[in-house]
Amino acid sequence: MEERTLSIIKPDGVSRNLIGAVIKRLEEEGLNIVAMKMIRMTKEQAKEFYKIHEGKPFYESVTDFMSSGPCVVMILEGENVIQRYRKLMGATNYKEAEEGTIRREFATDIEKNVVHGSDSEENARFEINHFFNALEIAVR
Ligand code: GDP
């Protein structure tokens, strides 16, 4: 099934010069990028983006982190891309992530884990609309 998902290279990935390394992994896996830009979220935008985590102990901290510097936001498109990209990212906690995943290779912390990816079709739709309008999405 053709799907779209939202990918973010988080502020730790950008500041550690991992943009190229992450994009290389996406391309090697055949995950097509159909939109891409660099942005810096305000604290309010980060809180809106992560509102499903409101009330959790890490909500303040992760929204501080996500607004601490620029991110690269991308839309990926392809067959089963939500699941395929989640697998490529690896577990939230890099210590539990499988060998060969982006987080296992690059993450340094449960919070500073380099990349984000939507976890369902519904969340992908919400997250894509949070960052992109229709004119910014390319047809491949
Ligand atoms: P994901 O879908 O794998 O990104 O994980 P979640 O949706 O559960 O969490 C969202 C983000 O919040 C994670 O990617 C981390 O950056 C951060 N996070 C999750 N769990 C924790 C935690 O226990 N402590 C801290 N400090 N951050 C966390």
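The values are calculated or read from the model by the stated rules, or taken from the named source; none is laboratory data. Predicted model only: the values in this text are computed from it and were never measured. Neighbour counts run over all protein chains shown; Cβ positions are idealised from the backbone, glycine included. Accessible surface areas use protein heavy atoms only, side chains included; no ligands, DNA or RNA. Shrake-Rupley method; radii C 1.70, N 1.55, O 1.52, S 1.80 Å.
Just name the residue that is farthest from I39 (Cα to Cα) out of those in region 49-61 that are within 8 Å of the ligand (Cβ to nearest atom) and open to solvent by less than 80 Å² (accessible area, probe 1.4 Å). Ranking the qualifying residues of region 49-61, first place goes to H53.
Considering region 65-95, the residues that are over 15 Å from L26 (Cβ atoms) and among the aromatic types (F, W, Y) include one that is nearest to the ligand (Cβ to nearest atom), namely F65. Any chance region 121-134 includes a residue that's among the aliphatic types (A, V, I, L, M), more than 11 Å from the ligand (Cβ to nearest atom) and open to solvent by 50 Å² or more (accessible area, probe 1.4 Å)? Yes, the conditions are met somewhere in region 121-134.
Matching residues to (1) within 25 Å of E121 (Cβ to Cβ); (2) open to solvent by 80 Å² or more (accessible area, probe 1.4 Å); (3) within 15 Å of the ligand (Cβ to nearest atom):
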position: M1; (1), (2), (3): yes, yes, no
position: L6; (1), (2), (3): yes, no, yes
position: K10; (1), (2), (3): yes, no, yes
position: E27; (1), (2), (3): yes, yes, no
position: V34; (1), (2), (3): yes, no, no
position: M38; (1), (2), (3): no, yes, no
position: T42; (1), (2), (3): no, no, no
position: K47; (1), (2), (3): yes, no, yes
position: T63; (1), (2), (3): yes, no, yes
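In region 101-127, the residues that are at positive phi form Cβ pairs under 8 Å with partners that are within 11 Å of the ligand (Cβ to nearest atom) and part of a loop (DSSP other than H, G, I, E, B), at six or more places apart or across chains, as follows: V114/K10; V114/A107.
Residue count for region 66-103, restricted to those that are buried (at least 18 other Cβ atoms within 10 Å of the Cβ) and either of a type in the set (A, V, I, L, M, F, W, C) or closer than 12 Å to V115 by Cβ (or both): 18.
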